[in-house]
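The values are calculated or read from the model by the stated rules, or taken from the named source; none is laboratory data. Everything numeric in this text was worked out from a predicted model, so none of it was measured. Ideal geometry is used to build each Cβ from the backbone, glycine not excepted, and the neighbour counts take in all protein chains shown. Accessible surface areas use protein heavy atoms only, side chains included; no ligands, DNA or RNA. Shrake-Rupley method; radii C 1.70, N 1.55, O 1.52, S 1.80 Å.
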Amino acid sequence: MLKPFQGIHQTAPFNSIKIEHYIPAFDAAIEEARREVLKIVDESVPPDFANTIVALDVAGDQLNRIQNIFFNLNSAETCDEMQNIAQEVAPKLSDFSNDITLNEQLFFRIKTVYERKAELVLNTEESTLLTKTYRRFVRNGASLNDADKAKYREITKELSQLGLKFQQNVLAETNAYELLITDEKDLSGLPESIVEMAAQAAKLKEKEGWLFNLQYPSYVPFLKYADNRELREQIFRASSSRANHGNENDNNDIIRRIVELRLEKAKLLGFRTHAEYKLEERMAETPEKVHVFLNELHRASKPFAMKEFAEVQEYAANDGLDGTLQRWDWAYYSEKLKSEKYSFTEEEVKPYLQLEKVIEGVFSLAEKLYGLRLQKNKNIEVYNQEVKAYEVFDEQNQLVAVLYLDFFPRESKRSGAWMTDYRSQSNVNGNQIRPHISLVTNFSKSTENTPSLLTFDEVTTFLHEFGHGLHGMLSQCQFPGTSGTNVYWDFVELPSQMHENWAYEKDWLDTFAVHYQTGEKMPAELIEKIRKAQNFQAAYMMERQLSFGMLDMAYHDRELPVVGELKPFEMNAIATTDLFEPVEGSLQSTAFSHIFSGGYDAGYYSYKWAEVLDADAFSVFQEKGIFDRETADSFRKNILEKGGSDHPMILYKAFRGQEPTSAALLKRNGLS
Ligand SMILES: [Zn+2]
């Protein structure tokens, strides 16, 4: 692992790597990286862009290589030993990264270069890398005086403990509740598989009956299908009041403290609010822009959400509901309404989505749009025999990237789907390094009698990860630190989500989606049903997402701490989006892990932001043709090739000719 890789395209030598190699390799590579950083600090000539900024960006190349292999495999092909190694190296790696950001001499050199930025002759990407490097240090407290540095460290430490405690409390409260059903008629409405799961859960705890809890796979179907309204109310109240019971798991004080500390930290670093601090490195740029964004979508969707609400209310009344529709009724009646309006099952769709065909469809889309040719190469080493490695060529037959595809679930693989790389693209001083990208998913495997048939969601997942993959593969940047998917956090989902749009296009589906037995094309009516079902209650869902975004901003775009009760604070923040009567004792905030322990603070808006971007970008394809090469070229040149080399708004405008608007998303959701 310490030597340059000798295989095809210098791909990782998976076959020769043994578990016992990791620790010594990490130790040696960390030492080497330390030496490289020290060399920058000890440089006798004055700091300049090349000897400081570029040198730092390429330092630790060997360590990166080892880290990529280890952590990628720890997700896709892990075992107990790997997990122990992960525990062992984590503190070593964080020490190393602290040693860099806290190195005062190193920061002094970076600052010297940064302050001379105006005199330097730098291209856009170089200038971006310089700012990014400087900010990384400043945002970690490097420019503070010693007293403030100590304060900064204290705040950061307390915040990380509070975030952890917040999460532990939510977990404890989630696990504390059980709904044990002993009378079979209380199961009425629930699907067989859910009932079975509940029976097993009860057995596991040596109880008679059926056990439900607040975890998603149990809670969500219960609210959706259980006919017993009192029990739905009970489980809803339990879930919506988590960590708000005034006991040892209560999160109210923790929230007030987190908000206060984040504000203090932001002020220490020279910002007005925590949101302002966070948004400095986002496409959205300022809290004001986020407020305007959320309110604009809210104004557009509110009237439609009210209509959707009235429709469910009326449906429920006809179905015999007495009184007003409550929160615990929503999912239940919505599900009934939905299946009446657009009934189709996954089983109807799957026979048209055979994995091999879907792969062909995705590859031919890459060829139509970007002129890419993907060719399987069995001589490239893989870490599991299920993994397939491809060489990706452009129209001039130049190698663009290596792509690994790893589709099926294994015990050694975590759940979900993701794109990652073993090597990122860079081109420092003419040394062109092409990327090695990997897409990992958990799609249904083939059986003896049927090939692997995907659900519709799995097809959109494939397109999503492939979109991230294109961002990595097509990158044409200079520096590792600005290439590929190294972009602002609220921009990274544009390529992925935009490519999902093809899944709803008949012209694309027609190229590959044929019944695996009869060879017939997917029926147009079925495609239409899928499209319509996708938009079912789009406005209601949008209002809900917006209310989370607004609550997030209420906590984080403020110049004073939050004092007093959180319930009125929360109600005030989301008042305009709320369609239900308030429920006594329920509070969103105390279980809002996304913003208090999940890294989405002042960032919840990004879910909708990314949707606006992807719909707006795709609308160009809808206008010019979904296989239009000129539009694809522009998307490629202005966005996919550019990575994080420039501000995302500049890149986006270069593609679109203007800033994104929400018009296309509203249209797609049927809200205009
Ligand atoms: Zn994604």
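Take region 66-155 with all the other protein chains still there, run a 1.4 Å probe, and you get 52 Å² of accessible area per residue. Considering all C-alpha pairs of region 514-672, those separated by over 29 Å amount to 41%. Our helix-only sum for the chain, with -39,500 (n - 2.57) per DSSP H run of n ≥ 4 divided by its residues, gives a mean residue ellipticity at 222 nm of -17000 deg cm²/dmol.
Entry for the chain at q = 0.07, 0.09, 0.12 Å⁻¹: log10 I(q)/I(0) = -0.53, -0.92, -1.70, Debye formula applied to identical alpha-carbon scatterers, no solvent contribution. If I compute solvent accessible area with a 1.4 Å probe over the protein chains, what percent of it on region 252-376 is carbon and sulfur? Carbon and sulfur: 47 percent of the exposed surface of region 252-376.
Computed over protein heavy atoms with a 1.4 Å probe, the carbon and sulfur contribution to the accessible area of region 576-624 reaches 45%. Between beta-carbons, use under 15 Å as the cut-off and find the net charge around ASP329, counting Lys and Arg +1, Asp and Glu -1. Neighbourhood net charge equals -3. Residues in region 456-471 carry Karplus couplings, in order, of 4, 4, 5, 5, 5, 4, 4, 4, 4, 5, 5, x, 4, x, 4, 4 Hz; the curve used is 6.51 cos²θ - 1.76 cosθ + 1.60 with θ = phi - 60°, and Gly or Pro positions show x. Solvent-accessible surface of region 525-655, averaged per residue with a 1.4 angstrom probe and all protein chains in place: 39 square angstrom.
Put simply, when 420-430, 97-107 are sorted by average Cβ atoms within 10 angstrom per residue, most first, you get 420-430, 97-107. From largest to smallest, the equivalent ellipsoid semi-axes obtained for region 107-257 from the alpha-carbon gyration tensor read 54, 20, 12 Å. Using θ = phi - 60° in the Karplus curve 6.51 cos²θ - 1.76 cosθ + 1.60, the 3J(HN,Hα) couplings for region 156-168 round to 4, 5, 5, 4, 5, 5, 5, x, 5, 5, 4, 5, 4 Hz; x is entered for Gly and Pro. Charged side chains reduced to their Cβ positions (Lys and Arg at +1, Asp and Glu at -1) give the chain a dipole of some 1220 debye around its Cα centre.
Per residue, the solvent-accessible area of region 225-281 (1.4 Å probe, heavy atoms of protein chains only, all protein chains present) comes to 41 Å². The phi torsions of region 607-624, fed into the Karplus equation with coefficients 6.51, -1.76 and 1.60 and a -60° offset, translate into couplings of 4, 6, 4, 5, 5, 4, 4, 5, 5, 5, 5, 5, 4, 5, 5, 5, 6, 9 Hz, rounded to whole numbers, with Gly and Pro shown as x. For region 200-258, GluC sites (Glu not before Pro) are listed when DSSP marks them as loop and at most 16 other Cβ atoms sit within 10 Å of their Cβ; the list is GLU206, GLU208, GLU248. Counting 0.36 nm for each residue step from VAL292 to GLU630 and taking away their Cα separation leaves a gain of 118.4 nm. For region 1-124, take the alpha-carbon Rg, divide it by the Kirkwood Rh, and send me Rg/Rh. Here Rg/Rh amounts to 1.06. If the chain linking ASN247 and SER75 were pulled fully straight, counting 0.36 nm for each residue of separation and taking away their Cα-Cα distance, it would gain 58.3 nm. Taking label positions 7 Å along the Cα-Cβ direction at both GLU233 and THR518, the computed distance is 4.8 nm, reported to one decimal. Within the accessible area of region 1-148, the carbon and sulfur atoms contribute 50%, probe 1.4 Å, all protein chains present.
At q = 0.17, 0.25 Å⁻¹ the log10 of I(q)/I(0) for region 434-505 amounts to -0.71, -1.12, computed by Debye summation with a single uniform scatterer per C-alpha, solvent ignored.
Can you give the FRET efficiency to the nearest 0.05 for LYS376 and LEU560, using r as the Cβ-Cβ distance and R₀ = 41 Å? About 0.10, to the nearest 0.05. Near LYS185, once Lys and Arg are set to +1 and Asp and Glu to -1 for all other residues with Cβ below 14 Å from its Cβ, the sum equals -4. What translational D, rounded to a whole number of µm²/s, comes out for region 234-295 from Stokes-Einstein when the hydrodynamic radius is the Kirkwood one over Cα pairs, at 37 °C and 0.692 mPa s? So the translational diffusion coefficient is about 234 µm²/s.
When you count the other C-beta atoms within 10 angstrom of each residue and take the mean per peptide, 388-397, 458-467 line up highest first as 458-467, 388-397. Computed packing ranks the peptides 517-528, 661-672, 10-21 as 661-672, 10-21, 517-528, most packed first, by mean other Cβ atoms within 10 Å.
Each Cα pair under 8 Å and six or more residues apart adds its sequence gap; the mean of these over the residue count of the chain is a relative contact order of 16 percent. Our estimate of slack between ASP42 and ILE19, defined as 0.36 nm per intervening residue step minus the Cα-Cα distance, is 4.7 nm. With the simple spin-label model, which puts each label point 7 Å out from Cα in the Cβ direction, the GLU192 to GLN6 separation comes to 5.8 nm.
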